[in-house]
Structures are given as C-alpha cells and as structure tokens.
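Throughout, read-outs are computed from the coordinates displayed, never taken from laboratory work. The structure displayed is predicted, hence computed values, not measured ones. Note that each Cβ is placed from the backbone with ideal geometry, even for glycine, and that neighbours are counted across all protein chains shown.
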Amino acid sequence: MESKKILMTVCGAGMLTLAACAPSAVETDYTAYVNPFVGTGGHGHTFPGAVVPNGMIQPSPDTRIDGWDASSGYYYADSTMNGFSHTHVSGTGCADYGDILFMPTVGEQQYNPQDYSSQTLPYASAFSHQNETAVPGYYSVFLDRYQVKAELTATKRAAFHRYTFPATEEAGIIIDMDYSIQHQTNMDMQVEVVSDTEIKGSKLTEYWAFDQQVSFYAKFSKPFTYQIVRDTLTDHNGKMQPRCKVLLKFATAKDEQVLAKVGISAVDTEGAKRNLEAEIPDWDFEAVRNEAHKDWNRYLSKIDVETSNETDKTIFYTAMYHTAISPNLFTDVDGRYWGMDRKVHQGSVEKPIYTVFSLWDTFRALHPLLSIIDPDLNNEFIYSLLKKHQEGGIFPMWDLASNYTGTMIGYHAASLIADAYTKGYADFDLQEAYRACLRSAEYDTTGIKCPDLVLPHLMPMAKYYKNTLGYIPCDRENESVAKALEYAYDDFCISLLADAVGDYDNFERYTKLAKAYKLYFDPSVRFMRGLDSKGEWREPFNPRASNHRNDDYCEGNAWQWTWFVPHDIEGLVALMGGEEAFVGKLDSLFTADSSLEGTEVSADISGLIGQYAHGNEPSHHIIHLYNYVNRPWKTQELIDRVFKEQYRNEPDGLSGNEDCGQMSAWYILNSMGFYQVCPGKPVYSIGRPLFDKVTVNLPGRGVFTVIAKNNSPENKYIESATLNGKPLTVPFLQHKDIMNGSVLELTLTNQPTQWGGVTTN
C-alpha cells in the first residue's frame with residue numbers, strides 16, 4: 001500500500017537503529033514508529049503537520065476547504081495543496097481554525113479568480129504523496145506547480161518554515177489572511193508590514209468558535225517587496241466577503257533556502273512577537289527540528305512496548321502521538337492569555353491555560369490515560385477548566401479558543417474532577433471544584449458569558465426537567481435519552497465529590513439522581529427509550545433508527561446507548577432481568593444486523609460489529625461489560641477483534657473521528673491489557689493484552705509492567721494471571737496497583753478459559 005511506502009521512506013533510518021538496539025545502551029527513537037498520516041483518510045480527520053506535544057501552534061498543509069472531511073484541513077485522497085496554515089484541530093467532527101495561511105510561489109502570483117464553491121484556491125499546487133514526509137515535529141512536501149520544497153517544524157508557540165526555491169526572479173510567498181477552513185466569517189483582519197523582513201497581523205473570525213482571535217508575527221530570512229490586497233468578493237451565497245492577502249516577492253538562486261519564523265498569540269501581535277523571539281531566537285531550522293524530535297521522544301517514552309509485530313508497534317506509538325496533539329497551550333510566554341470572559345488575563349507560565357477540550361469524547365479514556373502517565377498535566381487541564389468556570393460562569397462542554405461552543409452533551413468536567421480525586425490527584429481547590437460541578441448540573445442561565453445562540457445548548461432545558469420533573473420528556477427536549485444517561489453518570493461523579501466535602505444532603509440527592517437512568521428502560525423491548533411529557537413511551541420505536549442530532553439519542557441509536565450506565569452496572573444487570581438475560585442481550589448487540597435506518601443516519605455510527613459502533617464514543621466501554629457478568633473471555637475475544645479490524649497503519653486506519661485523542665487512548669489502554677469503564681471509580685477492567693511486554697514509566701514512581709506470556713495472534717484468551725507474583729483471580733485491577741509499580745503477568749492461550757469468571761457455557 002502507498003501509505004506503507006511513505007512510512008518506510010519516513011522511518012527507515014530510525015527502524016535500522018531500533019533493530020540494532022533492543023536492550024543495549026542505544027536510546028530508542030520512538031518517533032520512528034509514528035505515522036502521522038494515520039487518520040488523514042477515511043473519517044479520522046487528523047492532520048500530518050508539524051506539532052509538539054500540546055503545543056499552541058499546528059503548522060500543517062491544507063488540501064481542502066469545505067465538507068466534513070475538511071475538518072482538519074487535510075485529506076489524504078486530495079492531490080492539490082492550498083498552503084500551510086498555523087492552527088488546526090485534530091480528529092474533530094466539526095471544523096474550525098486554518099488561520100494565517102502561507103504559500104510559497106514562483107511566477108506571477110495568482111489569487112483571482114477565487115471560486116468560493118471550489119476546494120482549490122487560485123494559487124494551489126499539485127503534489128504527490130511520494131514527495132511528502134511526516135514525522136513527529138516535522139513535515140515536508142514538494143510543490144509541483146512551483147518546484148519548491150516546503151518544510152515545517154515547530155515549537156510550542158511558533159512555527160518554522162523552510163522553502164527551497166529554484167533560480168528565479170519571481171519567487172514569493174502569499175500570506176492569506178482571509179483563508180480559513182469552511183469559509184468562516186472574517187469579522188476583522190489587520191496586517192502591517194513592519195520592515196522588509198517582518199510582518200504582523202491579527203484576525204477575528206466567527207464560526208464554531210464564535211469569537212476566535214489570533215495574532216501573528218513573522219520574520220523572514222530574506223528581504224522582500226510586497227503588495228497588500230484588500231477588496232471584497234461575492235461568495236457562492238451572494239454575500240460580500242472581505243479579502244486580505246499579502247504578496248511577498250524576491251529573487252532566488254538555485255536551491256536557495258528562504259526561512260520564515262511565525263509566532264502566534266490569542267492576545268495580540270506583541271504576544272506573538274514575544275512567543276516567537278523566546279522560542280526561535282535564531283535561524284537554525286535543524287536545531288528546532290531536533291528539539292521537537294526530543295520533545296516527542298520524551299512523551300512517547302512514557303510507555304515502552306515490546307513485540308515482534310512492527311505494525312502493531314507503529315499503530316501504538318501513532319496512537320500515543322495523537323493523544324498529545326490537544327488540549328492546546330493557550331498561555332503566552334509572558335503568562336497572558338485570552339479568557340472565557342473575552343478579556344486578557346495575566347496568568348502564570350508555571351500554571352498555563354489550555355484550550356480545545358473535547359470533554360464528551362476525552363473523559364472516557366484520554367484523561368484516565370493521563371492519570372497514569374502524566375497526572376500533573378491532567379491536573380493542569382483541570383486547573384484550566386476551573387479558570388474557565390471562574391471567567392465564563394460555568395464549565396465548558398466543548399471549549400475552543402476560550403469559546404463556549406455548546407457542542408455535545410453532559411457536564412463531563414465533573415468526571416475529570418471526580419476521577420482525579422478518587423485517584424489521589426486532587427491538586428486543586430476541592431470545594432471550589434465541587435461548587436463548579438453543582439453549577440453545571442443545575443438549570444441556571446444567569447452569569448454565563450456566551451452568545452445567545454450558544455446558551456440553550458450550554459444550559460439546555462433538559463437540566464431543568466431533570467431537576468424538577470425527575471425525567472427529560474422526549475417531546476420537549478432533543479436527545480433526551482442520551483442526555484439523561486450522561487447526566488445520571490455525571491451526577492454520580494458529583495455524589496462522590498459531595499461525599500468528599502461532607503455535603504451529605506447533596507450526596508443523597510445526587511446518589512438518587514444517578515439512578516434516574518432506570519426510568520428510561522422499557523422492559524417490554526429491553527432498550528433505553530424516550531418518555532414523553534405524558535409519561536408514555538416514544539412511538540414508533542426502532543432500535544436501529546438514527547436521525548443525526550435530532551432524535552432521542554446523540555450520534556447513536558438505542559442499541560448503543562442502552563449500555564451507558566458505567567457507574568451502576570449491577571443495577572443495569574438487574575433491570576435487564578439478571579446475569580443470564582444481560583449476557584444474552586449483550587451478545588445480541590454484537591451479532592445484530594448492522595443496518596441503520598432513518599432519513600439522516602448519523603455518520604458517526606461507524607466501526608460496526610453488529611450494532612456495536614467502535615467509531616464513536618458511546619460504545620467504548622461496552623466490550624468490558626462482560627467482565628462484570630463473569631464472561632471475561634468474551635471481553636478478551638472482542639477486544640482482539642477490534643484490534644484487528646478497527647485500527648490499521650493506513651491513512652484510513654481509524655474507524656471514526658480521532659476525536660482529540662479519545663480513539664487513540666482507547667487503543668493504548670486496551671493494548672496494554674486494561675481499560676477504565678467508569679472514570680470516578682479507580683478500577684480497570686482487564687482485557688486482552690496485545691504486546692509481549694509493556695513498561696509504563698510512572699512519573700517519579702518507578703515502573704508498572706504488564707507481561708503477556710505465550711502471546712500470539714491466536715492466543716487471545718487469559719489462562720491465568722498474577723499481580724506481583726500472587727494469583728489474580730478477578731478481571732480487575734486497582735489504580736493504586738498500577739501507580740505503586742506492580743507487575744501484572746497474564747498467561748495466554750488459544751481457547752476460552754474459566755479465568756476471571758464462573759463458567760464458559
């Protein structure tokens with residue numbers, strides 16, 4: 001396959017080093033096992049550009065502008081490139097960013113005619129994947145139209161471009177200020193040529209983030225002449241749109257390299273300049289590239305896996321790579337940042353603020369993973385969320401560029417806080433965090449600083465109905481069942497915090513609210529189902545039906561959502577009629593007809609095994625439910641199937657959106673051999689380990705080791721287990737077992753066994 005050829009081109013030297021070194025003194029280059037093109041095809045919505053872990057800036061190529069698969073700006077099937085913008089989101093189902101696009105050119109710079117219905121800008125260039133390279137912290141491509149090699153690397157707050165030109169009197173660079181992914185509304189654009197080697201500017205856009213501000217400061221290694229284009233065009237909807245472009249021109253000798261350094265800031269151009277000068281003071285491209293490489297190795301080395309299967313190793317470290325793209329740093333080098341109240345705040349570099357919190361996705365696996373490999377960073381994220389609560393009036397559901405977007409459902413900041421507390425990492429004001437969680441769970445629209453359009457989504461009436469009627473009527477509130485189930489889980493998390501702070505009245509109240517999921521279970525059909533304002537079941541009912549974001553569920557159907565009771569599996573088992581009935585129903589999920597019905601079936605329902613949908617988050621815990629009903633071999637069997645069917649070392653190697661690290665975090669945890677079904681309960685469910693040996697380098701705590709004896713593609717079942725040499729007879733592991741530096745040894749076989757369960761019948 002073409003992508004495999006790419007990976008070999010990118011990683012060949014690193015592979016040779018690795019092959020020569022196993023337990024020797026030679027340092028492992030983990031980046032050699034990362035393929036940034038994974039997820040750039042299919043509907044993974046990742047991008048291949050140059051980033052460092054959790055950095056503010058993401059310089060990356062842009063190949064398309066509109067459509068669902070333009071969410072990251074890059075799509076592997078495309079053959080033309082519009083340029084390199086500096087901000088991108090990774091794996092999201094919605095698009096934004098694509099700010100401050102650079103494109104090197106040769107010859108007359110074409111920017112007319114501009115067709116707003118086209119994916120291709122007038123100055124776009126053809127390119128080939130054979131002439132494209134991506135590794136962590138570095139990207140390069142050859143632009144066929146201009147015969148220019150473009151290279152990118154980055155620090156946390158600044159990008160470094162290196163363009164190798166042919167001999168020409170007409171070399172140049174286009175800086176496109178009005179470009180953005182999905183043709184966002186440009187509310188304001190300012191640009192100023194500071195000197196013949198420096199340019200600064202800023203822009204304000206309105207789209208998914210309703211008030212997204214970004215400033216830049218750029219320095220060039222070669223003096224230029226310039227032209228600023230300011231005019232308006234009529235778009236395909238008949239609306240006038242402003243344009244703002246800077247056309248730089250200069251002459252170059254054969255193979256002359258022209259460098260550009262770009263700092264960004266959400267505060268102002270001075271902040272962008274300080275960021276640039278602090279992080280890239282010199283003109284040494286290779287030094288910056290090497291430091292980015294070191295940054296990535298430091299992150300990737302948190303987990304060391306041993307296997308003879310190079311493909312599995314690449315999938316693993318690529319997944320690790322994707323878990324550190326976001327959340328993104330939002331604090332400048334001087335401590336300033338743009339707050340949720342639309343004001344500049346003087347914060348601390350030591351306690352930075354982050355943005356891009358896809359909490360509906362990432363509370364499930366990304367943050368539990370971080371609680372193991374980097375609990376301090378996870379606490380920094382919680383600190384950021386608390387600051388956003390203080391500034392904006394409430395926790396965000398989906399924060400983008402310090403904007404309340406109102407996207408998705410639930411109030412899952414409560415999950416992060418409860419999970420950190422129960423694991424002993426509550427390095428924050430617990431009382432304040434608890435009060436903020438209560439604020440999110442109650443219906444109260446006052447004091448929230450967000451656009452009127454966002455408010456009903458950020459504070460939906462569903463919370464009012466939950467707290468007054470006791471349930472959410474499906475004829476009054478969209479996605480009623482999904483909201484109710486997620487509220488019940490989040491209320492469970494709040495009950496943990498209420499108990500922790502000694503608020504026993506609210507402990508009792510939220511413990512009761514956590515049981516509200518029972519109201520939605522219809523025993524006649526054995527599914528979670530919508531209840532109307534008369535207390536009657538929604539009719540007609542079809543568990544395979546889906547009408548995207550416009551039915552009783554959220555990006556799913558009754559088959560997937562019926563199982564979302566992670567905090568009370570015992571109660572769900574009882575609802576379904578006991579263990580045998582529960583197992584029968586769970587079995588049917590994986591064997592049911594995979595067809596979906598409806599006028600607008602959610603595209604997010606993907607990666608189907610029966611009606612189990614691995615491509616979207618509501619399903620991610622379900623396979624592990626077998627462990628709770630004494631059928632652990634079924635968990636092991638299905639996890640093995642997901643490994644083999646849903647994750648591949650290919651551009652379309654993900655079964656759904658990457659979703660800011662969640663899809664990858666699921667793989668990382670499960671391939672190590674365990675998964676946290678219920679964040680807030682510091683317990684991990686043991687599944688099928690993929691690797692012969694996994695060593696987790698615990699921060700300041702030694703190591704946690706998982707050893708899989710007799711591991712092979714056929715040996716997917718656990719025959720026996722020990723923890724620190726003592727027999728382990730249950731398929732569960734405590735968080736403290738991991739963090740104390742234990743050794744989990746699992747002996748595998750090729751047939752289902754009775755380990756961890758009662759019977760194999």
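Where both residues lie in the chain, what percent of DSSP beta bridges are antiparallel, nearest 5?
Numbers: 113 of 120 bridges.
Of the beta bridges lying entirely in the chain, close to 95 percent run antiparallel.
Peptides 568-578, 226-236: what's the order by average Cβ count within 10 Å, highest mean first?
Values: 568-578: 16.6, 226-236: 12.8.
Result, highest mean Cβ count within 10 Å first: 568-578, 226-236.
Taking a cut-off of 24 Å between Cα atoms, list the lysines near Lys203, but don't count ones fewer than 8 places away on the same chain.
Lys156, Lys219, Lys239, Lys245, Lys249, Lys261, Lys273, Lys343, Lys388, Lys449
How big is the dipole moment of the range 303-749 about its Cα centre under a simple scheme where the beta carbon of each Lys and Arg is +1, that of each Asp and Glu is -1, and everything else is neutral? Debye, nearest 20, please. Provide the component values of the computation, followed by the final result.
Values: 40 positive and 60 negative charges, 114 e Å.
Dipole magnitude for the range 303-749 comes out near 540 debye.
Using DSSP H assignments, which helices in the chain have an axial alpha-carbon span of 24 Å or above and a mean Kyte-Doolittle hydropathy of 0.5 or higher? Walk me through the intermediate numbers first.
On the way: long enough: 375-392 (25 Å, -0.97); 480-501 (31 Å, 0.75).
Span-like helices here: 480-501.
Specify which residue in the list Ser480, Gly530, Thr445 is farthest towards the positive end of the charge dipole of the range 435-532, using unit charges on the beta carbon of Lys, Arg (+1) and Asp, Glu (-1), about the Cα centre.
Looking along the dipole axis, the top candidate is Gly530.
Counting only DSSP beta bridges with both residues in the range 303-749, what percent are antiparallel, rounded to the nearest 5? Mind dumping the intermediate values first?
Values: 37 of 44 bridges.
Counting DSSP beta bridges with both partners in the range 303-749, the antiparallel share is about 85 percent.
Expressed as a whole percent, how much of the Cα-Cα distance distribution for the chain exceeds 49 Å?
Numbers: 43747 of 289180 pairs.
In whole percent, the long-distance tail amounts to 15.
Pulled fully out, how much extra length does the chain show between Thr591 and Asp235, if you take 0.36 nm times their separation in residues and subtract their Cα-Cα distance?
Going from the current span to full extension adds 123.3 nm.
Could the peptides 618-625, 128-135, 533-540 be put in order, highest first, of the mean number of other beta-carbon atoms found within 10 Å of their residues? It would help to have the intermediate numbers written out before the result.
Values: 618-625: 24.8, 128-135: 16.9, 533-540: 11.0.
Ranking, from highest mean packing down: 618-625, 128-135, 533-540.
So what is the calculated 222 nm ellipticity per residue for the chain, using -39500 (n - 2.57) for each DSSP H run with n of 4 or more, over all residues, to the nearest 500 deg cm²/dmol?
On the way: 19 runs with 209 residues, N = 761.
Result for the chain, helices only: -8500 deg cm²/dmol.
Treating cross-link reach as a plain straight distance, find the lysines whose alpha-carbon is under 18 Å from the alpha-carbon of Lys693, omitting any fewer than eight places away in the same chain.
Straight-line reach from Lys693, under 18 Å: Lys302, Lys313, Lys709, Lys716.
Could the peptides 91-98, 329-336, 681-688, 167-174 be put in order, highest first, of the mean number of other beta-carbon atoms found within 10 Å of their residues? Could you put the intermediate results ahead of the total?
Values: 91-98: 24.8, 329-336: 21.4, 681-688: 23.2, 167-174: 19.2.
Result, highest mean first: 91-98, 681-688, 329-336, 167-174.
Take Gln147 and Lys515, extend 7 Å from each Cα along the Cα→Cβ direction, and tell me the distance between the two endpoints in nm.
That separation, rounded to one decimal, is 7.8 nm.
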